[in-house]
1. Regarding A:Q91, is this residue in a helix (DSSP H, G or I), within 16 Å of ligand 2 (Cβ to nearest atom) and closer than 23 Å to A:N157 by Cα?
2. Given the criterion under 23 Å from A:C42 (Cβ atoms), more than 11 Å from chain B (Cβ to nearest Cβ) and of a type outside the set (F, W, Y), identify the matching residue among A:R115, A:R138.
3. Among the residues that make up region B:299-314, is at least one of them more than 14 Å from chain A (Cβ to nearest Cβ) and open to solvent by 20 Å² or more (accessible area, probe 1.4 Å)?
4. Output the residues belonging to region B:734-750 that are open to solvent by less than 10 Å² (accessible area, probe 1.4 Å) and away from chain A (no Cβ under 14 Å).
5. Among the residues of region A:94-101, are any touching a Gly at 6+ places or on another chain (Cβ under 7 Å), within 9 Å of another protein chain (Cβ to nearest Cβ) and surrounded by 23 or more Cβ atoms within 10 Å (Cβ to Cβ)?
6. Hey, can you tell me all the residues within region B:677-695 that are within 13 Å of B:F656 (Cα to Cα) and aliphatic (A, V, I, L, M)?
7. Every residue in region B:657-680 that is of a type in the set (S, T, N, Q) and out of contact with any strand residue (DSSP E or B) (no Cβ under 6 Å at 6 or more places or on another chain), please.
8. Does any residue of region B:710-725 turn out to be within 13 Å of chain A (Cβ to nearest Cβ), open to solvent by less than 20 Å² (accessible area, probe 1.4 Å) and outside any loop (DSSP other than H, G, I, E, B)?
Amino acid sequence: MAKINVTMTVNGEEVSGLAEPRTLLVHFIRETLNLTGTHIGCETSHCGACTIDLDGVSVKSCTRFAVQAEGSHIRTIEGIAHADGTLHQLQESFRQMHGLQCGYCTPGMILRAWRLLQENPRPSEDEIRHGISGNLCRCTGYQNIVKSIQHAAAALNGETFAEAAQ
Amino acid sequence: MNDMTPTREAREAKLEGMGCKRKRVEDVRFTQGRGNYVDDIKLPAMLYGDMVRSSYAHARVKRIDTSKAEKVPGVVAVITAETLKTVNLAWMPTLAGDVQMVLADGKVLFQNQEVAFVVATSLQAAADGVELVEVDYEELPVIVDPFKSMAADAPVLREDLAGKTEGAHGKRDHHNHIFKWQVGDKPLTDEAFNRADVKIDELISYHRTHPSPLETCQCVASFDKIKGELTLWGTFQAPHVIRTVVSLISKLPEHKIHVIAPDVGGGFGNKVGAYSGYVCAVVASIVTGRPVKWVEDRMENLSTTSFARDYHMRTEIAATKDGKVTGLRVHILADHGAFDACADPSKWPAGFSNIITGSYDFPVAHLCVDGVYTNKAPGGVAYRCSFRVTEAAYAIERGMDILAQKLGMDPAELRLKNFIKREQFPYQSALGWEYDSGDYHTALNKALVAVDYAGLRAEQKAKREAFKRGETREIMGLGICFFTEIVGAGPSKNCDILGLAMFDSCEIRIHPTGSAIARVGTKSTGQGHETTWAQIIASEIGIAASEIMVEEGNTDTAPYGLGTYGSRSTPVAGAAIAMASRKIKAKAQMIAAWLLEVHEDDLVFDIDRFQVKGVPERYKTMTDIAWVAYHSPPPGMEPGLEAVSYYDPPNMTYPFGAYICVMDIDVDTGVAKTRRFYALDDCGTRINPMIIEGQVHGGLTEAFAISMGQEIRYDEMGNVMGASFMDFFLPTAVETPHWETDHTVTPSPHHPIGAKGVGESPNVGGVPAFSNAVNDAFSFLGSTHIQMPHDAWRLWKVAEKLGVTG
Ligand code: FES
Ligand code: FES
């Protein structure tokens, strides 16, 4: 099948590559750009392991073709840490609050949370649970993921995180 | 001179040893997308494999035409059973003593069975090739209901077994029979039933489901023709076993096989077995001389690589009228699918299902299990539980509730009345196990107080009255489960896989500057071994956990181990780690004695050092000792500081727990809301409470999924229904309840550090707790037992049948 040249900005850098019209964006990111932090759990838009940020919204990258991303601005897990290499608060908070186990859902979860906290810097527990409901995790039971996001939100707002009593 | 400034507390804190909520070292790479999972591996000239699969559940394969597929640009090879026959690999042995087709050989026996393997230069070309492989089928009659499997006129599924009246586990009674397995004293049990005041008799089914880790099964095989070596990266929970299996079936010498399990994205039992895709990738790499990657998609994962449960348990309990149990009699019909590919230790065709007497002091019991073939996917893996333990726990915990209902007794009271008492441990169960330790009364009483059980029952009573008066459409259920697990397989006297004793291993090397590397025969799939194993060593030998690197999964470097499943890592490998540490400590003590010019017995170990008894200012730290071991060891002593331990456990471990679920169900919609879920676990000594809590949350969420909706269902044609995340219920953050965790600590007396293992307890205990809550809610309306899964539609049907829908 003929290939088309696609150009996009990924993690602040302009990149281009060849893709068949049917190539999924997630495959382009992983196979052509070699950014393997974005994972695949289903390829049917259910699990959210492939979540990236595309032009200011969370997108499941198995739901788009690479050619549809022409000219777009994308952020993946590899572009979440600060320019000086220090970790983003969400990355730190997931570690502090034990928000991950096998780590397979984690990049997608963090990318989703990253956008969520920009949409809603002070989300309630319920808003977080709904906000990440497109992302499945098989290991953690979500409770510590929710806590990680609350922890990050508090830190980003300059507040101290008060753990809700059980 | 010796510096006394850091306090003991500071030294202790620096170690981050056992009992500490150490943050995970794995997270640093995982949170940055720098994990290295199988699908992240990319080798020069690598090819991609994709499977052609059967659309029928039972059919004769008349013809496979690969010619069109072979012409697709990018397709390099198409492998069929005929290709595999040239290397004698059309069939492979299973872990359960059966054989299994790698690719369809003459017929197919379940839908989506592997038929041909297309290898191409890209994922897309491979998929195009799959589309163009033409297969002619002739349909055959299908069996999906295990109860029809052994009918006299049932179609013959396994023609390859024709005339074989003996299977791997004894006599076969029918052409679709796999084994009969019995344990316990039948005459005595029958007698107890004859004398019983009260009896229950219920068919308790545990439906078919699937572990479904977020990362599917996958591998990359790379055969180097020049060296004659095979490197196989894969999602393996037991990499060493895979190496031995590959060697046995491929005839490649074992030292020329390098198996590597890199980061694995969850396992839950799914990644224990050896699957067709692995064999095909290996053969394809040998045939093409290029590396071959095989990654199953989600549909393939849910419908082919292993299933779990599908146990149908006729459960009978005999009791006195005041509620003392006097006998347990269970018959299990086990649906194993088309091939018996259960991942159980060899001598245990029905796993450890004889833990079915649970936490109760049954004087007599009898268990009989019949395994049968059907036209469904093979598997029968231990999905986040020890072998068949969740099935057993479900049957006994439902059974006890049904008995309580029949006796008109409170289910908590019935349990307290029949528990094995603390002073009875070590306890010999009627079905042959020796329970190591337990304190069940303390645990359940603590749980009852924590949730205000009496208050909840009073509330339930009031709500039932209100329901009867028509003031509410909601019913309330209280589900109790008190489970006893059996994990840590296992002692070589009764546990092996393919003849390999189920020990585990650890090798520790202390470096001259006092840091260390530990290699272990297990393989973390999310449990955080890199973090917790270092904590055990830190406490044992006094080197800070942060200075210990833990490595697993590479069969070239790690000592042989049987891997991670059945909650065996902590009970078996955790013990090996402690024992290897102790060997190092013993040598370190000799060095310290020589340096301090005292007798070894005059030294005491204190956190991170050996010090002279009564003279704490005279000491040598482990760092001092490590340097000396490499620089100037005592005369006559070998230099270096390292040790290896292979640990063969003397017994299993028996974690237990008390779970309570409070649920409200709307009878008009069938929607069940978990108001509260309290989980008390006793896993013996606790290595990292943060990780334990995380394991419990995860296991409970899987229990919630299984009991409340998750199912692999087949229609009567053998079509697998819902092998996608659209239909297979995986709860999101919205449905998942909030979990309350608690614990008691009853160490295992035979384990070097007293730990019992915890990862699977919440799944084992969670499922009965949810199901008991549902059943308890409906019980006052005259219902005795409702089969799982309890999704809204099914619960609404129950309500409708009971005549209470609006
Ligand atoms: S891989 Fe994209 S949603 Fe699952
Ligand atoms: S941490 Fe394993 S899937 Fe979320």
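1. yes
2. Step by step, each of A:R115, A:R138 is checked, and only A:R115 is under 23 Å from A:C42 (Cβ atoms), more than 11 Å from chain B (Cβ to nearest Cβ) and of a type outside the set (F, W, Y).
3. Checked region B:299-314: at least one residue is more than 14 Å from chain A (Cβ to nearest Cβ) and open to solvent by 20 Å² or more (accessible area, probe 1.4 Å).
4. B:S748
5. Yes, region A:94-101 contains a residue that is touching a Gly at 6+ places or on another chain (Cβ under 7 Å), within 9 Å of another protein chain (Cβ to nearest Cβ) and surrounded by 23 or more Cβ atoms within 10 Å (Cβ to Cβ).
6. Passing the criteria: B:A679, B:L680.
7. B:T669
8. no
The values are calculated or read from the model by the stated rules, or taken from the named source; none is laboratory data. Here the structure is a predicted model, which means the values were calculated and not measured. Virtual Cβ from ideal backbone geometry, glycine too; neighbours counted across all protein chains shown. The accessibility values were calculated without ligands, DNA or RNA, using every heavy atom of the protein model including side chains. Shrake-Rupley method; radii C 1.70, N 1.55, O 1.52, S 1.80 Å.
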